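Report on the structure given below.
The values are calculated or read from the model by the stated rules, or taken from the named source; none is laboratory data. Since this is a predicted model, take the numbers as computed values, not measurements. Neighbour counts run over all protein chains shown; Cβ positions are idealised from the backbone, glycine included.
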Amino acid sequence: MNRPRRHHDAGQAFPIYITVVAGLLLLALAYLAVGQAAVNRSGAQTAADAAALAAAQKTRDQLAGMWLDDLGDPTKWQDVFHGKGADNACWRAGQLAAQNDATLTSCVPGLLRYTVEVRTKRAVGDSVVPGTENIRSTESASAVIEPLCTFESTGEGAKSDALPQLRCRDDKTWDPNPDDEGSLPGPGDLFDVHLADGEANHQ
């Protein structure tokens, strides 16, 4: 006499089971949409970081070249270490943004600094969340060019025709000699390039 009731109870539970499964599936798809958006934002941030660093590195290399060009005239060194006279390298930021599947939407150069904004070329894509299919992530980043060396144009007991000694990071010193390439620091010895937020992206 009780068996029909058990079958009846099972029949009532089946729609509830279907509803629960459907709800869990919808929840899983929603989490997938959130994950897609997070990946898209992460890609945008990577592109922004790379773009800012690339522009700063290009300027760093140019400044180092300017220092070599002005090696015999120490009166011009200070301008170089202050970032004066370098060309705008935002074009380089655009190249790196494109290589990371993004578009450079803004680039603001400054003395020893670049601030960029990029937007991903790919949208988040179709999902259970309405309106996400056309959403593209936008992120920004700033990179700075940090001078690593100081110098004195004249020193007590120094010869008038001697070039100033460079005192750089980690107590490294350089005695520049135009006739000795080994005595000349490279771009990475003169300047450090890193993201403005202090992340460990030193080059």
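With respect to ASP73, determine if the residue is surrounded by fewer than 15 Cβ atoms within 10 Å (Cβ to Cβ), modelled with pLDDT of 90 or more and among the charged types (D, E, K, R). Judged against the criteria, ASP73 is a match.
Scanning region 82-111 for residues that are within 15 Å of the chain's Cα centre (by Cα), of a type in the set (A, V, I, L, M, F, W, C) and surrounded by 15 or more Cβ atoms within 10 Å (Cβ to Cβ) yields ALA89, CYS90, ALA93, LEU96, ALA97, ALA98, ALA102, LEU104, CYS107.
Which one is modelled with the lowest pLDDT among residues in region 82-109 that are aliphatic (A, V, I, L, M) and part of a strand (DSSP E or B)? Going through the qualifying residues, I end up with ALA102.
Here ASP61 clears all of (1) closer than 30 Å to ALA162 by Cα; (2) at pLDDT below 95 except the condition numbered (2).
Quick one: in region 45-81, which of the residues that are assigned to a loop (DSSP other than H, G, I, E, B) and in contact (Cβ under 8 Å) with a residue 60 or more places away in the chain is farthest from the chain's Cα centre (by Cα)?
Pass one, region 45-81, residues assigned to a loop (DSSP other than H, G, I, E, B): 70-73.
Still in the list and also in contact (Cβ under 8 Å) with a residue 60 or more places away in the chain: 71-72.
Details: LEU71: 31, GLY72: 35 Å.
Residue satisfying both the conditions and the ranking: GLY72.
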